[in-house]
Amino acid sequence: MYIEHPLLGSRSIDEFIYYGDASLLKRPVFNQNKILEKFHKYLYLRKNPNGIHSELWFHLYGDRSWLIVERDTKTHEIRNVILANKELG
Amino acid sequence: MNYNFLKLLIEGLNNNKGWLKTWENVNPKKHYDIIVIGGGGHGLATAFYLASEYKEMNVAVLERGDIGLGNVGRNTTIIRSNYLLKENIPFYEFSLKLWEGLEKSLNYNAMVSQRGVLNIFHSDYQRDAYTRRGNSMILNGADAELLNVDEIKRMYPFFDYDNARFPVKGGLLQRRGGTVRHDAVAWGYAHAANKLGVDIIQNCEVINFRIKKNKVEGVDTSKGYISCKKVGCAVAGSSSILLSKLNMQLPIESHVLQAFVSESLKPVISGVVTFGAGHFYISQSNKGGLVFGGDIDGYNSYAQRGNLATLEDVCESGMALMPMLGNCRLLRTWGGTMDMSMDGSPIIDKIHIKNIFLNAGWCYGGFKATPASGWCFAHLISTGKPHKLISDFTLNRFYDGSIIDEKGQGAQPNLH
């Protein structure tokens with residue numbers, strides 16, 4: 001599998017660490033109602049689709065950037081790659 | 001049909017014409033008391049123990065494809081109970097005891113071979129950790145032996161003992177561990193369950209659950225509607241897909257695990273060996289192929305095939321332990337979908353719908369657990385109460401914090 005890095009071009013997955021469902025970026029804020037439920041859902045109940053999955057990859061053996069990769073878990077085809085800090089704004 | 005020596009002798013003289021089917025292929029009835037979804041090892045074992053131990057007489061197993069073609073026929077066939085945590089060891093030790101009597105209870109030759117599982121360690125720290133694990137095993141009724149280098153040299157003279165980076169310092173041996181012919185486990189359970197009246201329905205995919213007042217009334221399948229009183233789900237890597245039909249999200253990610261088989265060799269590796277400095281385990285099949293594997297690829301996947309980066313990593317680990325592997329050619333590789341739970345331990349529990357039960361989250365250790373998983377899941381389905389060996393394998397443990405994290409990795413499924 002190769003990931004099309006927005007800055008560095010096509011890189012082998014050897015260079016990356018996989019972190020999981022991109023919703024991990026959206027950490028709940030403390031002092032909310034039902035915060036236990038929210039953190040339980042945030043940490044443990046992640047998406048596990050048989051199809052397009054939006055996920056975090058860390059370019060550890062490269063430029064150490066976080067990427068959001070849209071990938072088909074059925075075929076391993078990669079649809080879209082963006083820098084995670086763009087998503088966070 | 002009973003398999004025995006006399007039958008073998010008669011059929012040998014009779015040109016093997018009188019063998020009957022191992023199990024009967026049937027069409028579904030309109031109603032069953034219990035439907036087990038998933039005709040893998042765990043599903044078939046559940047059905048067998050439902051019939052044999054809990055006297056449930058109207059049980060069906062629904063399998064989307066053909067039985068024995070999922071992970072039960074695609075693993076590295078190892079059985080062992082060398083766990084650390086008190087929530088796990090009694091369960092896996094019970095499983096190992098069931099393996100020991102399996103062939104007799106199933107009347108089927110599953111080639112259970114207790115050839116010993118040896119975990120090698122390479123540092124003083126690891127010796128301490130393995131000693132602790134061994135003591136924990138002994139305290140919980142399993143067997144464990146700590147071996148020094150000379151004892152290992154007598155068993156396996158070909159390891160790279162003086163490797164500058166990962167010298168072999170000793171190993172933890174579980175003599176009762178070993179391997180089992182994996183396909184025969186599926187066939188054996190199907191045979192024995194079928195003989196007790198369980199219907200094994202192949203090529204029958206569950207499309208939807210029919211729920212009324214928080215209870216399941218039946219399932220819509222590719223072979224029509226079947227009503228039932230209870231449903232047990234044992235679909236491993238497909239658990240998230242199946243349970244999403246009930247709008248349920250599970251603390252599970254599906255990952256791909258690859259396994260590898262070499263060309264056939266003369267007997268060389270007598271038992272099961274694991275490398276302590278990387279993730280690598282190896283044994284030799286009765287056909288002579290070296291069967292080995294390592295880490296999962298590490299990303300969500302339902303593709304049932306992996307990437308070459310993992311292959312390279314596994315082979316490097318193997319070469320570090322036994323350099324002679326480099327002379328051996330790889331014959332085939334394959335990948336299966338693993339239901340990686342968030343703490344690395346399984347879930348056998350009720351769900352929010354009253355009469356549906358869940359058996360999932362086996363990560364890549366489901367094969368060795370097959371008999372105990374089937375037994376305890378059958379107990380849960382039949383009595384509605386968890387068997388004492390699985391009382392900690394709850395779905396709620398992620399919420400209340402009582403997780404069973406054997407490796408201490410936290411909520412990172414690709415590291416378990």
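So here's what we get for this one:
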| item | result |
| --- | --- |
| Pick from region A:24-37, criterion under 15 Å from residue B:411 (Cβ atoms) and away from chain B (no Cβ under 11 Å), ranking: most open to solvent (accessible area, probe 1.4 Å) | A:27 |
| Selection within region B:127-150 - in a helix (DSSP H, G or I) and open to solvent by less than 30 Å² (accessible area, probe 1.4 Å) | B:134, B:136, B:137 |
| Residue ranges of strands (runs of 3 or more DSSP E) in region B:232-333 with at least 1 members in contact with a Phe, Trp or Tyr (Cβ under 7 Å, 6 or more places away or on another chain) and either more than 28 Å from residue B:120 (Cβ to Cβ) or assigned by TED's automatic domain parsing to the domain that holds residue B:356 (or both) | B:252-264, B:289-300 |
| Residues that are more than 14 Å from chain A (Cβ to nearest Cβ) and among the β-branched types (Val, Ile, Thr), drawn from region B:314-350 | B:333, B:348 |
| Among (1) more than 9 Å from chain B (Cβ to nearest Cβ); (2) surrounded by fewer than 17 Cβ atoms within 10 Å (Cβ to Cβ), the one test that residue A:84 misses | (2) |
| Scan of region B:242-257 for residues that are buried (at least 17 other Cβ atoms within 10 Å of the Cβ) and either within 13 Å of chain A (Cβ to nearest Cβ) or at pLDDT below 95 (or both), ordered by number | B:242, B:243, B:248, B:250, B:251, B:252, B:253, B:254, B:255, B:256 |
| Any hit, region B:404-416, residues being at pLDDT 95 or above and among the polar types (S, T, N, Q) | no |
| Scan of region B:309-364 for residues that are touching a helix residue (DSSP H, G or I) at 6+ places or on another chain (Cβ under 7 Å) and within 24 Å of residue B:263 (Cα to Cα), ordered by number | B:309, B:318, B:319, B:325, B:326, B:333, B:336 |
| Test result for residue A:59, within 12 Å of chain B (Cβ to nearest Cβ), buried (at least 18 other Cβ atoms within 10 Å of the Cβ) and under 19 Å from residue B:297 (Cβ atoms) | no |
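Residue-by-condition table, conditions (1) open to solvent by less than 10 Å² (accessible area, probe 1.4 Å); (2) at pLDDT below 95; (3) closer than 30 Å to residue B:64 by Cα:
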{"position": "B:157", "(1), (2), (3)": "no, no, no"}
{"position": "B:167", "(1), (2), (3)": "no, no, no"}
{"position": "B:182", "(1), (2), (3)": "no, no, yes"}
{"position": "B:187", "(1), (2), (3)": "no, no, yes"}
{"position": "B:192", "(1), (2), (3)": "yes, no, yes"}
{"position": "B:198", "(1), (2), (3)": "yes, no, yes"}
{"position": "B:211", "(1), (2), (3)": "no, no, yes"}
{"position": "B:225", "(1), (2), (3)": "no, no, yes"}
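The values are calculated or read from the model by the stated rules, or taken from the named source; none is laboratory data. Since the model is a prediction, treat every value here as computed from it, not as a measurement. Don't worry about glycine lacking a Cβ; one is built from the backbone with ideal geometry, like all the others, and counts go over all protein chains shown. Please note that ligands, DNA and RNA were not included when accessible areas were found on the heavy atoms of the full protein model with its side chains. Shrake-Rupley method; radii C 1.70, N 1.55, O 1.52, S 1.80 Å.
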